[in-house]
1. Just one of ILE78, ILE92, ILE53 is β-branched (Val, Ile, Thr), within 11 Å of ALA7 (Cβ to Cβ), buried (at least 20 other Cβ atoms within 10 Å of the Cβ) and at pLDDT below 95; which is it?
2. Keeping to the range 132-161, report how many residues are within 15 Å of TYR45 (Cα to Cα) and open to solvent by 40 Å² or more (accessible area, probe 1.4 Å).
3. Among the residues of the range 162-182, how many are among the polar types (S, T, N, Q) and open to solvent by less than 60 Å² (accessible area, probe 1.4 Å)?
4. Kindly indicate whether any position in the range 58-65 is at pLDDT below 90 and surrounded by 21 or more Cβ atoms within 10 Å (Cβ to Cβ).
Amino acid sequence: MKGINRANPKVNMRLLTEHRTKGKKCVFLSHKSKDKNACIEIGAYLNDAGIDIYLDCYDEELQIATLENDKKSITKCIKKGLKESTHILCVISAETIKSQWVPFEIGYAHAAIVDNSFNQKSKEYQVSILRLEDISNRVLPDYLQTAPDIKGGKSFNEYIAIVLNSSKKQLLTEGRVQDVFLKYNHPLHKILNLNK
């Protein structure tokens, strides 16, 4: 079963409830708005693997709050998205370092893990980073240097296997992820370094 974007208002409420009830994994994609297009493709890849996502560019309430520069409503929407999620994937580029909201999302997620109020059903909740560019650790803020680091297509497929509690081989066999050796046919070949 394909994953859905839980931020999309067009998602059928019955389907959303079904995914929540079945304990379907959901990855919150934390990113700088300039990386939105890359996140849309990453989100589609996660959906194809059978993972739900929370990608805020489809959250109409958040988009209105952003246009109105309503920081309280923006914060409320982000918290709502994080509460929907079992994992957070911070998509990193040179732009992310300049973000005001990514540190809040990561900090809120870490605090929720510590006080265990975030998602009672998910004990494996974690923050991971996915690099869009070859950024050195010296450039990464301290709060990201402790997170599991996904540097390319191979490690992204491994991340998906971990989230789904499956093997990469099984996911490849089922066609839920794409083999990185078929570089130019891979849906993320323009976004991720498929050699890593």
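The values are calculated or read from the model by the stated rules, or taken from the named source; none is laboratory data. Given the structure is predicted, the values throughout are model-derived calculations rather than measurements. All Cβ positions, glycine included, derive from the backbone under ideal geometry; neighbour counts span all protein chains shown. We work out accessible area using only protein heavy atoms, side chains counted, and drop any ligands, DNA or RNA first. Shrake-Rupley method; radii C 1.70, N 1.55, O 1.52, S 1.80 Å.
1. ILE78
2. 2
3. Final tally of qualifying residues: 2.
4. Scanning the range 58-65, I find no residue that is at pLDDT below 90 and surrounded by 21 or more Cβ atoms within 10 Å (Cβ to Cβ), so the answer is no.
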